[in-house]
1. Would you kindly work out the equivalent ellipsoid of the range B:78-318 from its C-alpha gyration tensor and give its semi-axes, the square roots of five times the eigenvalues, largest first in whole Å?
2. What Kirkwood radius, in Å to one decimal, follows from the Cα pairs of the range A:573-676?
3. Counting only protein chains, not ligands or nucleic acids, how are A:Lys63, B:Lys273 ordered by accessible area (probe 1.4 Å), most first?
4. Which links in A:Lys63/A:Lys274; A:Lys668/A:Lys809; A:Lys315/B:Lys82; B:Lys122/B:Lys162; A:Lys668/A:Lys865; A:Lys137/A:Lys261 stretch past 19 Å when you go from one Cα to the other?
5. In nanometres, what is the gap between the two model label sites at A:Asn123 and B:Lys82, each 7 Å from Cα along Cα-to-Cβ?
6. What is the calculated FRET efficiency for A:His202 to A:Arg544, with r their C-beta to C-beta distance and R₀ = 30 Å, to the nearest 0.05?
7. Could you put B:Lys240, A:Lys815 in order of accessible surface area, largest first, with the 1.4 Å probe and the full protein assembly present?
8. Going from most exposed to least, what order do A:Asp1003, A:Asp206 have by accessible area with a 1.4 Å probe?
Amino acid sequence: MDCSLVRTLVHRYCAGEENCVDSRTIYVGHREPPPGAEAYIPQRHPDNRIVSSKYTFWNFIPKNLFEQFRRIANFYFLIIFLVQLIIDTPTSPVTSGLPLFFVITVTAIKQGYEDWLRHKADNAMNQCPVHFIQHGKLVRKQSRKLRVGDIVMVKEDETFPCDLIFLSSSRGDGTCHVTTASLDGESSHKTHYAVQDTKGFHTEEDIDGLHATIECEQPQPDLYKFVGRINVYSDRNDPVVRPLGSENLLLRGATLKNTEKIFGVAIYTGMETKMALNYQSKSQKRSAVEKSMNVFLIVYLCILVSKALINTVLKYVWQSEPFRDEPWYNHKTESERQRNLFLRAFTDFLAFMVLFNYIIPVSMYVTVEMQKFLGSYFITWDEDMFDEDTGEGPLVNTSDLNEELGQVEYVFTDKTGTLTENNMEFKECCIEGHVYVPHAVCNGQVLPDASGIDMIDSSPGAGAREREELFFRALCLCHTIQVKDDDDVDGPRKSPDSGKSCVYISSSPDEVALVEGIQRLGFTYLRLKENYMEILNRENGVERFELLEILSFDSVRRRMSVIVRSATGEIYLFCKGADSSIFPRVIEGKVDQIRSRVERNAVEGLRTLCVAYKRLIPEEYEGVCTLLQAAKVALQDREKKLAEAYEQIEKDLILLGATAVEDRLQEKAADTIEALQKAGIKVWVLTGDKMETAAATCYACKLFRRNTQLLELTTKKIEEQSLHDVLFELSKTVLRHSGSLTRDNFSGLSADMQDHGLIIDGAALSLIMKPREDGSCGNYRELFLEICRNCSAVLCCRMAPLQKAQIVKLIKLSKEHPITLAIGDGANDVSMILEAHVGIGVIGKEGRQAARNSDYAIPKFKHLKKMLLVHGHLYYIRISELVQYFFYKTLYDTAYLTLYNISFTSLPILLYSLMEQHVSIDTLRRDPSLYRDIAKNALLRWRVFIYWTFLGVFDALVFFFGAYFMFENTTVTSNGQIFGNWTFGTLVFTVMVFTVTLKLALDTHYWTWINHFVIWGSLLFYVVFSLLWGGIIWPFLSYQRMYFVFIQMLSSGPAWLVIILLITVSLLPDVLKKVLCRQLWPSATEKVQQSTKLKASVTAAPNTDRPLLKDLLPRPRRH
Amino acid sequence: MSQKYNPITWRTKMKKTSQICQSKLPDNTALKQQQLPAYRLQLSATGVLSGFFATGAFCLGVGIILILSAKSIKEIEIKYTKICANCAELREDAINFDKECTCSIPFYLSETMQGNVYLYYKLYGFYQNLYRYILSRSNSQLVGTDLKVRLYLIWYNTPFFKDQSHNGTPIAPCGAIANSIFNDTIILSYNLNSSIHMEVPMLRSGITWWTDKYVKFRNPSAINLSSAFTGTAKPPYWSKPVYELDLEDTENNGFLNDDFIVWMRTAAFPTFKKLYRRLNRVQYFIEGLPAGNYSFNITYNFPVTRFKGEKSVVLSTLTWSGGSSLFLGLAYTVTGSSLPGRNYRLSNNC
């Protein structure tokens, strides 16, 4: 452990020096270059150890303490404690030291445990076995022993242990496929290329014979940038120099796919890998409740300081008369007399500070933290949020934000994978106006609903049949799918017809869905072999097509084409693309029928593609070939020229048909969105998808309704008019409507109301966000925000990940500072998840990147509803009550101070804050509008805060003066004996404990046995404790001032009467306020409480089948 | 399983596996699903109204009883600082500490004080609750274990712990509280007629808490008391050492002196009274104090004018609810009557 520390230090130090050198040189396989080569400065590189832990065994205590005392509250209490130690104060240092010590210890243990887990994870990772090449042999070593220059072998499905330069692969062409899902979230396969001169080295011996040096830049975090060069020394003594780019670099964290094994040389290791450089710890998010808590704390701090000041001043005014300053019966010590007046005043001030410091509740932080920590378990435990398909429950990564879930005003959601399942399914195809629906194969069963429209067997005629087959062939050929033969592995996409299973791999899930759909219609794409595409047709005959050209897909053209030559020598061009890009190029075919079908499908939220073809005569093909060739070899503007060439080739097509692929909406997505909107939450969809598809999804999930007036702010529109005009026009439309509508319409519930939906695309957004030259950058933004605010739903499409975060930030920093929530599943959502107040990751298909970076992870979008409406609501209610209660109860001070806050009254409120359900869960779920009641931090506003503070002051006054009048001039015992000051203190304290606990009891709406147990138990504990504390001479205490005080007090009748009276009086105003408010101005929540009660009384009747009752009972476990 | 090198992935994985081990489906217990059977407390108007009404009635009843019982209490208080002005003046100056000053205060009791009568002294403006004052005692010395106050080394230089004039001999009983003990002697005499003046028999026992007398205060063990206190000095303001407080009754001598114990139980407010004597109900006084002429004969020792305070002597009877204070009764009555009033407003609202 110690060793490693020293080593890392050394490495850090060296790395610091190294920065002067802007490149590093690596000897491949640690072989020195031949003497003739340039001499390089030897450099030291860290080993491949990953350190994500924060502490080591040695520095844990100092570092952790330092970190903890950076927290303002802890620091404050430390100061108080020190002051108590130094100066003579009425309270002992123990009273403030003990809770502080407690808090610090608990936090330290928690953090230490977490760090221990990190250590364990690090160790496990650092000890992963890795295959090295050493002296021509394969050696297994621990990952951490990997050093720069080592040659590493990685097998299929393994992750690269460090950043490697790709030397050779088992594939003949020197390529390998890689997924970088855990790095950037892209699950598609990427192709990397081995170094030209080394790709021939296929065996361990070969690779060991390689003699080369690599020169490359120093590590930097950009994943897509790499510059370097390799010198390969051969016998000829003349080194071959090759440039290296990012296509030669295999990054740590990426996984090898489709390639048996590769060889690579380590260039960046350990903490210098690009992944480690990209890893940054999440910034701490603070909830609104915590913010208001801090503000209240500051207010109390001000009160405290002023209180101490006033008291000091008053003390000196009072003491100005000498007989008071030092009466004959109470002499000062010598040192006190000699002390300087100012010093004395300052000491007194500090003493008052310490005396009153209890109004700042030290235990509040602990309690709040514990409440959050334990409370988060309720989310994890929630059975309703457990997804049986994936076997995943919700994960809570940060428990700090539980209550924030009850505060959300804006929800930003990703589309693919979040709203939809990202599970493409071929739905139907439309050939010449005839609709074909493949047998929906679902768990091996043919769904019955497919039979009605299944028209495959009833062929409409010979000509049509020919067209139909052409269509299927087109779909089989026009794609970029790779086939992976998989005999043993039980792939998820098994083809049921063929004997062996094969897995289709493609960067686009649509293509896979299409090919699989066609497979079910009888045509199976087998493989691409030596430039021939093989198709298994309906008669089980293999058709071979020679693949001539691929006009690959790009997002501008939004189509792709292939040119193939059939076995008969005919040359076809098949083109597949979005309807808007196909229709204008079609000259033949039943356009109208297909168009209507496509439009219908689009409205249903299906992703549609159109297929067209063209037969090329050989001369035409020649022309095409030369055109393409010319564009491909062009050195300048190659992209542009290629696009032009494609444009020329893909025209005069014959429309074949259209396909529809469904990206199924997640279960209950629409229901959830509707509920969220009812709850007054604005839902924005941010997607990288194209506008039409996204809009269709929005319709499908009821984000847009039929009467929603869509406003478009897209690039196309901006091209026509200037941005300025468009924006102003839109805002006029929006404002005109919203002006005439009452506030009530904000709900967006009434059906006849005209609400607006805004569609904006990425390009338009960047135009808006771009600061203008004249400096008035905020202008458009404001306008845009204004428009957005008046729209019930906003759809942002074609968004880059960064733009998503930008939008969230824009809203977050707008005037009202609304609480935002971002939900997404892919790595492209991570930035927005990190940016929003609350980030929720959907544990989805696109890797766990989002779930890892989120604050909460849920398996399905539908769980968001319960998360927000139920958990969020409850947690908010709980925490706000908790905070208020703490400020309320700490307003007094007297003896027993330490225990008071920690043990007598903390447990009930903690339990309350865990158990409270002011309305039943079912009600909350049924009635989303209740969410509005707590929006905007309603329960922690100043009004409420002042009310609680006032209540606290009132109670304190009642306690003190009630007891004061009682004691002054009166004998309170029936035997004439007199009580002293300790009895007075005890009396006040007893009243206080009872009042505070009973107040909580009054606020509790949900009495479980635990609540009963804790509330009554804590009162009982108080009594028992007091009896014990006063009933026994404690040998370890030098003073016994509490001895028998409590018992003596209880033996007097009037004391009982005083206690009862004071409790009644101090609780009265609160009860009264509650009842009055409830009767006069009931909130929606209270109305619901009322109605639930009525219902409950109805349920008392024999009719027990009511769902309400049933739901309250524990349901039988589902399997 | 594929090898994961990504630290974060790995951790998530580990979490996942551990979850699998503990059955991934969360338990369907009522606690975890937040569905414990519970009673929902609802503050309904009728419930609260009846609650208010009951509380109000209760308070009103208690209040009336308290007021009635307070009315039956007889109490007489005589401030004697001004009456004994010459003594008060004498005590202004500490030089006159050994000059005795007595003072007689005649008064007429118009009504018989029935039952037990208690004699209190009452001080005005004496802060027994000052912080430094309260702490200026040694409980371990008072139970006789740490007579030389060794445990209180930190207070070595605080006043009244060591006798500065006698080489720092420890003081017993030490501290400011003990030093400032109330040392007036109050004798009540009954003037049956102009010639017969008889001292009213008073009990000095039973004026302390039982626990104080028998647990918290103990004399150091020795053959006789004076030898037990050897090596200690008397408090500077005392006229005699602690073992001579009551030479007649050993149970009342030393730290066990009742007056001393009463004084040591510090009061909460600057105005306080402390029990001095109880009426011994014998002879004439079986029924209590009969009406007639009385006088207090006071040996005036305790200076109060120096801190602008006052002294008084109080005679009082008691009921079950303690001394004569209308406060509690009134408070109950007011609370009780205000509740139904609010009730009325509330029921109007409904």
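The values are calculated or read from the model by the stated rules, or taken from the named source; none is laboratory data. As the structure is a prediction and not an experimental result, all values here were calculated from the model. Note: ideal-geometry Cβ built from the backbone for every residue, glycine included; neighbour counts use all protein chains shown. We work out accessible area using only protein heavy atoms, side chains counted, and drop any ligands, DNA or RNA first. Shrake-Rupley method; radii C 1.70, N 1.55, O 1.52, S 1.80 Å.
1. On the way: eigenvalues 216, 85, 52 Å².
Semi-axes, largest first: 33, 21, 16 Å.
2. Over the range A:573-676, the inverse of the mean reciprocal pair distance is 16.1 Å.
3. Details: A:Lys63 75, B:Lys273 20 Å².
Accessible-area ranking of A:Lys63, B:Lys273, largest first: A:Lys63, B:Lys273.
4. Working: A:Lys63/A:Lys274 28 Å; A:Lys668/A:Lys809 28 Å; A:Lys315/B:Lys82 29 Å; B:Lys122/B:Lys162 30 Å; A:Lys668/A:Lys865 10 Å; A:Lys137/A:Lys261 15 Å.
Among A:Lys63/A:Lys274; A:Lys668/A:Lys809; A:Lys315/B:Lys82; B:Lys122/B:Lys162; A:Lys668/A:Lys865; A:Lys137/A:Lys261, the Cα-Cα distance tops 19 Å for A:Lys63/A:Lys274; A:Lys668/A:Lys809; A:Lys315/B:Lys82; B:Lys122/B:Lys162.
5. 8.6
6. Working: r = 30 Å, r/R0 = 1.01.
E between A:His202 and A:Arg544, to the nearest 0.05, is 0.50.
7. On the way: B:Lys240 85, A:Lys815 140 Å².
Final ranking, largest accessible area leading: A:Lys815, B:Lys240.
8. On the way: A:Asp1003 5, A:Asp206 65 Å².
If we order A:Asp1003, A:Asp206 from most to least accessible, we get A:Asp206, A:Asp1003.
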